[in-house]
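The structure appears below as structure tokens.
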Amino acid sequence: MLSQTDKAILADKNFQKLVSVRRRVSWSFLLFLLGLYLLYGLMSVYSPAVLAQPLFNHGVIPVGIVMGYAILFSTFFLTVIYVWIANSFFEPLEKKITGKEA
Amino acid sequence: MNINAIIMFFLFVSITLVITVWASKRTKTRSDFYAAGKSIGGMQNGLAIAGDFMSAATFLGVTALVYSTGMDAMLFIIGGTLGWAVILLLVAERLRNLGQYTFSDVVAFRLERKPVRTMSAIGSLAVAIPYLLAQMVGAGALIQILFGLPYEVAVVLVGVLMTLYVMFGGMLATTWIQTIKAVLLLVGGTIIGFGVMSMMNFNFSDLLTAAVNEHPKGSAIMAPGVMFTDTITIISIGLAFVFGTAGLPHVLMRFFTVPNARQARRSVAYAIGFIGYFQSLIFIIGMGAIVYVTNNPEFLNTDGNLIGGTNMSAIHLSKVIGGDLFLGFISAVAFATILAVVSGLTLSAAAAVSHDLYANVIRHGNSDRDTELKISRITTLVIGLSTMALAILLEGENVAVLALIALAIAASVNFPVMFLSMYWSKFTTRGALAGGYAGLGTALGLVVLGPTIWVTLFGFEKAIFPYLYPTLFAMLANLVCSFLFSVTDRSDRAQRESESFDAQWIQSEIGPVQEEL
């Protein structure tokens, strides 16, 4: 089924490295963000009082809103990191595998 | 009648028509029509993607949700942004590496073309058409209030413009219109948000305190539970946003307008920046509307309700911030937003018919270019005319259910099928069909049996399915059926499909490899 080129790529150490690192990075970033969102959702049902509580004594900004903005910033931050990893690590590997540099 | 709004709106329409004429001269091939010749850069595509997401529903609807429920709207604000993380981390680059013009290309990469394409084209249409209709009905009502035009005239105006853009300008015109509108909306949102914060001396705590003082529900808006209180509903909303966004055909189609996977990745990264920024503004705008609009007699009917309903809260706020001139600007931007989003939806529906159904299912993948393009243009015209007619019939109806159906189907049909075909080597045609149709049937069935249709429309006393959102159950139905029907598939076809996974996997990771050795 597989062409010679494809077989060579599958056996290529660089390809294996690319796949395993990309898999680890993507899924850990994603599970982290979805975990935070799930936590927020569950807290809004089971412990709304915690989300409603002001973050500081005598403050007025509730924990829920801080958490919401924190998740937005984390998404943005992880996006920047992912693009950085992709440009500086995945792309050179891809070039090595496809031989475009050679 | 708002003269400023009308002048600015005509200015926008003239520019878009010039763009359409320009784009029509550059739209000759299928790649031009469906994918703007794969010539769009990452940053512009990011703006256009953000524009697709920042619809009137997000800008006016989510602001209205903040305005009426306070913290509960955070679920929408976070979810709307997280959906893009799913696209960045799991979908965007692979989509570009594997497909041509539509996400069905990816699903049909190693599965049997005809049945799988038919199913994913139905999935695309089942998302695009209800969503389009919801936008049209909302647009008619909005334009009626903003410009004083009769509902039918407003619907026809939107319908005719979107049909012209797509028929003649294809993806190139649609992308430029979406880009311009995204910039206008970001600028408008920034001015409103900045205006609110400056009136509060840039003190966020003061804004929240003032909102609690003005809001009829008082401090309840600084706690969850004004609107959403049960786990199933909250999880369904979350799933619809997180996975539904990655199943919207008009959004996925944008990843084919860039030259390579690298630009696809940059597109989402920019889009996340713009969308995250805009979502952060929405909360401030909603809080500002609570403070400056809720008890302002200028914006209230004689019965004490907001003129035009809560969806108008952002628009009223713009008048507080910048007077009639800025109100005119924001009204024109709201109209532009609707136009740009319905154009993208129409194009994705037309592509599902001409590229997926006609070219690949009926013509087995060898259609000639001119006929295929003619078919996509005729489809555009048919979609334009029929949605105009339906939108006029649906005047005054509650169309929220249509948007609900669209996102639920995107999350329970399109996304799981695309995801499994990309990542699971044992996924077979039989599994894809069983899963896709099970997701579709469950989503539609539960919406019909749910509170919106069973109780409100049919007039039964109690809904058979008690929850508003079907996404959790419909997604599960898809995944369970996909799994069961794939692992029990012992056919030769299943064997072949599973063997071709490695080649697909390689292409999804590093793009098409030229066989020049």
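A compact table of results
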quantity: Three principal axis lengths of region B:3-510 [C-alpha, angstrom, descending]; calculated: 71, 52, 43
quantity: Accessible surface of region A:29-96 [probe 1.4 Å, protein heavy atoms]: carbon and sulfur percent; calculated: 77 percent
quantity: Proximal aspartates and glutamates relative to residue A:13, as straight alpha-carbon distance under 19 Å, when same-chain residues fewer than 8 apart are discounted; calculated: A:91, A:94, A:101, B:502, B:509
quantity: Accessible-area ranking of B:460, A:15, largest first, probe 1.4 Å; calculated: B:460, A:15
quantity: Loop sites in region B:3-46: trypsin sites (Lys or Arg not before Pro), DSSP, at most 14 other Cβ within 10 Å; calculated: B:28
quantity: Per-pair calculated FRET efficiency, R0 = 51 Å: residue B:465 and residue A:21 via Cβ, rounded to 0.05; calculated: 0.70
quantity: Long pairs among B:38/B:426; B:25/B:181; A:17/B:28; B:38/B:114; B:114/B:181; B:181/B:217, criterion Cα-Cα beyond 30 Å; calculated: B:38/B:426; A:17/B:28; B:114/B:181; B:181/B:217
quantity: Within region B:331-397, trypsin sites (Lys or Arg not before Pro) in DSSP loop having at most 14 other beta-carbon neighbours inside 10 Å; calculated: B:363
quantity: Protein-only accessible surface order, largest first, of B:298, B:214, A:94 at 1.4 Å; calculated: B:298, B:214, A:94
quantity: Nearest-10 value in Å² for the accessible area of residue A:96, using the 1.4 Å probe; calculated: 120 Å²
quantity: Cα centre as origin, Lys/Arg/Asp/Glu Cβ charges: the protein assembly as shown dipole, Debye; calculated: 1540 debye
quantity: Ranked order, B:215, A:58 - accessible area, probe 1.4 Å, largest first; calculated: A:58, B:215
quantity: Overall Cα dimensions of the protein assembly as shown, principal axis frame, Å, largest first; calculated: 75, 55, 55
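The values are calculated or read from the model by the stated rules, or taken from the named source; none is laboratory data. Note that the coordinates shown come from a computational prediction; the quantities given were computed from them, not determined experimentally. Ideal geometry is used to build each Cβ from the backbone, glycine not excepted, and the neighbour counts take in all protein chains shown. Only protein heavy atoms, including side chains, enter the accessible area calculation; ligands, DNA and RNA are left aside. Shrake-Rupley method; radii C 1.70, N 1.55, O 1.52, S 1.80 Å.
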